[in-house]
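The values are calculated or read from the model by the stated rules, or taken from the named source; none is laboratory data. In this text the structure is predicted, and so the values were computed from the model without any measurement. Here the Cβ positions follow ideal geometry from the backbone for every residue, glycine too, while neighbour counts run over all protein chains shown.
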Amino acid sequence: GIDISKLYRETGAYTYDSGFSNTAAGFSNITYIDGANGTLRMRGYNLHDLVKHCSFREVAYLMVHGTLPSKNELDLFSKYLTEHSLVHEDMHHFFAGFPSDSHPMAILASMVTSLSSFYPDLNQEDSNFDITAARLISKVRTIAAFSYKKSKGQPIVYPRYDLYYCENFLHMMFGSPVRKYEIDPLHTKILDKLLILHIDHGQNCSTSAVKLIGSARANLYAAISAGICALWGPLHGGANQAVIEMFKCIRKDNNDIQKYINMAKDKSNPFRLMGFGHAVYKNYDPRARLAKELLDELFQKRNITDPLLDTARRLEDAALKDPYFQERKLYPNIDFYSGILYRAIGIPTNMLTVMFALGRLPGWIAQWKEFCDNKGRIYRPRQIYTGPGERPFVPIDQR
Ligand code: ACO
């Protein structure tokens, strides 16, 4: 019953915890992670069951609501996702202003902040938070597809009201006004499952960013935009792009796996094996295991080959046999195989972190809402000052 946090505040005591890796900043009933055993549950449901039996729409509803939807509830939520898929026509001008080689994460973060100007009513005080959540989830997906089209110099493709969330995304990404595009149902399924794999992961860096911004009572768009920026970093969601670039680099370098293993072990070299290791998992990341199963299914059913997959498998084998990785409990994380899967359904490398953001969005929204509902305190970590003591002031003409 003792509120340690309050006690510390009153006595002026505080602890040093680099990266807050051992500090709980609050309570949450959304996601449970047991990093030692590689267990991940959302709202009490095992990730494995959600991936096997649910659609992304269902799990998004679960994240936002806390319960799985009935058939009618899912139909209504899907209707909201469909009916709110367009973005304001005036926002199209923004796309035209970005250089064509802009990173899609830069476009996404800016556009999500801009949504607050076009949809100012979309806030937590709305009586129906389902609509708020569905609108944001739907529009961010549309913005993501539009930013890809912009980067290709192609005309944007509008969403269709007869398609569900994932099919609609593939249609907007790869459809064209001049060529018929047949959506492969297996691609839709793989995308749907991949998005579920990314949907939430406790107080990770981007979710903490969302909550930090939200803790100042900034609006949902500002908070989500901050989450997108945090996710972009290569130690976090940006690792999926870095992994593909690393695989390509290894292949160009005679596929010399051992050279890269040695580089990752060399403490004088900043290189790290991308897609390996995790701040919480000291066991195989359950999301990576499920991604590998999806990979096998897609590659076998569509008879796909990708030389990068051979490099990935050989790299994983070599790392897992190496005492350096064994002693430090470093295993593949979700980013190690997700990029190869996305490549196989046509997603380009620079869109990979955007795909992560689309998956994580319902989790961010749920975490933001939970924080606001609980009226969480403003995030205000302490620091240990290591600068100079008080110094005599010297006027500028005497320095
Ligand atoms: N390659 C080589 N060595 C590694 C790696 C790696 N990928 N990851 C950790 N290590 C080493 C560290 O150098 C450290 O060694 P030391 O004990 O000799 O000093 C030890 O393992 C422990 O590592 P930490 O840095 O303490 O691990 P931390 O929890 O801080 O970092 C992180 C986790 C950032 C994910 C790290 O493993 C990493 O940089 N991985 C590569 C980037 C990556 O894949 N990020 C995606 C993470 S998943 C996600 O965000 C969705």
Exactly one of N262, N240 is within 14 Å of the ligand (Cβ to nearest atom) and surrounded by fewer than 20 Cβ atoms within 10 Å (Cβ to Cβ), and that residue is N262
Going through segment 24-54 in order, the residues found to be within 15 Å of the ligand (Cβ to nearest atom) and either in a helix (DSSP H, G or I) or surrounded by fewer than 13 Cβ atoms within 10 Å (Cβ to Cβ) (or both) are A36, L47
Note on segment 93-121: residues more than 22 Å from the chain's Cα centre (by Cα) and within 30 Å of E58 (Cα to Cα) are S117, F118, Y119, P120, D121
A60 passes all but one of the listed conditions (1) surrounded by fewer than 16 Cβ atoms within 10 Å (Cβ to Cβ); (2) closer than 30 Å to I156 by Cα; (3) small (G, A, S); the exception is number (1)
The condition from (1) modelled with pLDDT of 95 or more; (2) under 25 Å from R313 (Cα atoms); (3) within 14 Å of the ligand (Cβ to nearest atom) that C205 misses is numbered (2)
Flagged in segment 353-369 as within 10 Å of I30 (Cβ to Cβ) and among the hydrophobic types (A, V, I, L, M, F, W, C), in numbering order, are A366
Scanning segment 157-199 for residues that are under 17 Å from F77 (Cβ atoms) and either outside any loop (DSSP other than H, G, I, E, B) or in contact with a Gly (Cβ under 7 Å, 6 or more places away or on another chain) (or both) gives Y165, C166, E167, N168, F169, D192, L195, I196, I199
Listed by first then second residue, the pairs whose first member lies in segment 252-278 and is more than 16 Å from L320 (Cβ to Cβ) and aromatic (F, W, Y), whose partner is near the ligand (Cβ under 7 Å from one of its atoms) and at pLDDT 95 or above, with beta carbons under 9 Å and at least 6 positions apart or on separate chains, are F271/A264
Residue hits (segment 322-354; within 13 Å of the ligand (Cβ to nearest atom), surrounded by fewer than 24 Cβ atoms within 10 Å (Cβ to Cβ) and either assigned to a helix (DSSP H, G or I) or within 16 Å of the chain's Cα centre (by Cα) (or both)) are P323, Y324, F325, Q326, E327
